[in-house]
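The next block holds one structure in the form of structure tokens; read it before the comments.
The numbers here are math on the coordinates, done by the rules we state, and not lab data. A quick note: this is a predicted structure, and the numbers were derived from the prediction, not measured. No Cβ is skipped: glycine too gets one built from the backbone with ideal geometry, and neighbour counts run over all protein chains shown.
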């Protein structure tokens, strides 16, 4: 049987593995001991137990992963001439794995919540709980950054800790760049209704040598000489995104280190290597983590393994970012479409239909109870 190697089992790599599992021997390589989703940071920092229920899932619970070999380790080297990757396992052992098709889904490093470091489940849980406890005990919090991550964190922290002062500071005039104007307007109204203080046009200065990998304490200074913001704790979500592609040959990368792909999500200048997710340079928003990118790759890998060079699917990004921005809140979940209109799922439908049926059974093809 032919073998597919998937470098990265985050949200996107996981779905690709499920899509090709019945057509090949599949080996997935991940530095995490379970799915540790990069989605919904606001829920993760404000209500970690709710977040865990949906976004921290043991691989063994996914029915569609049965038969997939999961390697807990890091890819050290990619050898295109030999169709092989070298992997350092969590216990230090070195293994070389060959492939007939390779899927690169290594994701990105972004702050403390998206990292490529090898971790145990205990370390993951401890990190989540420690950070959430530090934020819960603070009387004032600044969130720096107006993207979806910063907006979600500010909204959910205020939702969970109503008495806490929460300030959202961002350098642009509006939050959520890349989203439809309707989304920006709706989310801004939501933040103001919750009592989040908005500081547009405020470019914060990080402490010297700071790598955005932790919370900071003390006043926040701004680049234009505005008075410092006096808060107890600061969460930095300023979009310092770096692709986890140090093991990928430089000729496959663009000038920022993202993986160059064609319209079929095949890595340029290769025949049997694909890339998908946040590390793939598909469009300005690098949106193949959404928009069905995993389905495109799974289909095209299956065609490749079957020796069929025609009938490949093309990836079509949307003009605007879309999806859930704030996550599950007390009044339910709002999911924004690319045209800016929102669909709201009331709490009953979130609990009894959306997650158990649409997500668990529909998208993930069945998830066993913990």
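Let me have the 222 nm mean residue ellipticity of the chain computed from DSSP H runs of 4+ only, each contributing -39500 (n - 2.57), with the sum over all residues rounded to the nearest 500.
-6500 deg cm²/dmol
What is the extension gain from residue 94 to residue 240, computed as 0.36 nm multiplied by their sequence separation minus the C-alpha to C-alpha distance, in nm to one decimal?
Length gained, residue 94 through residue 240: 49.5 nm.
Among 188, 71, rank each residue by its count of other Cβ atoms within 10 Å, from fewest to most, as a rough exposure measure.
188, 71
Once label points are set 7 Å from the Cα along Cα→Cβ at both residue 1 and residue 348, what is their separation, rounded to one decimal in nm?
4.4 nm
Mind checking the angle between helix 181-194 and the chain's longest principal axis? C-alpha axes, 0 to 90 degrees, to the nearest 10.
50 degrees
Could you state, as a whole-number percent, how many of the C-alpha pairs of the range 237-370 are farther apart than 18 Å?
Roughly 65 percent, rounded to a whole number.
Based on other C-beta atoms within 10 Å, arrange 117, 96, 234, 30 from fewest to most.
Sorted ascending by nearby Cβ count, the order is 117, 96, 234, 30.
Take the alpha-carbon centre of the range 216-290, take the same for the range 30-88, and report the distance between them in whole Å.
Each part's Cα centre sits 18 Å from the other's.
Could you please rank 247, 348, 258, placing first whichever residue has the fewest other Cβ atoms within 10 Å of its Cβ?
So the ranking, lowest neighbour count to highest, is 348, 247, 258.
With r defined as the distance between the Cβ atoms of residue 76 and residue 226 and R0 fixed at 30 Å, what FRET efficiency is calculated, to the nearest 0.05?
Efficiency, from the Cβ-Cβ distance: 0.05.
Would you mind checking the tilt of helix 121-136 against the longest principal axis of the Cα atoms of the chain, expressed as 0 to 90 degrees and rounded to 10?
So the helix axis and the longest Cα principal axis differ by about 20 degrees.
Helix 293-305 sits at what angle to the longest principal axis of the chain, using alpha carbons and giving 0 to 90 degrees rounded to 10?
Tilt of helix 293-305: around 10 degrees.
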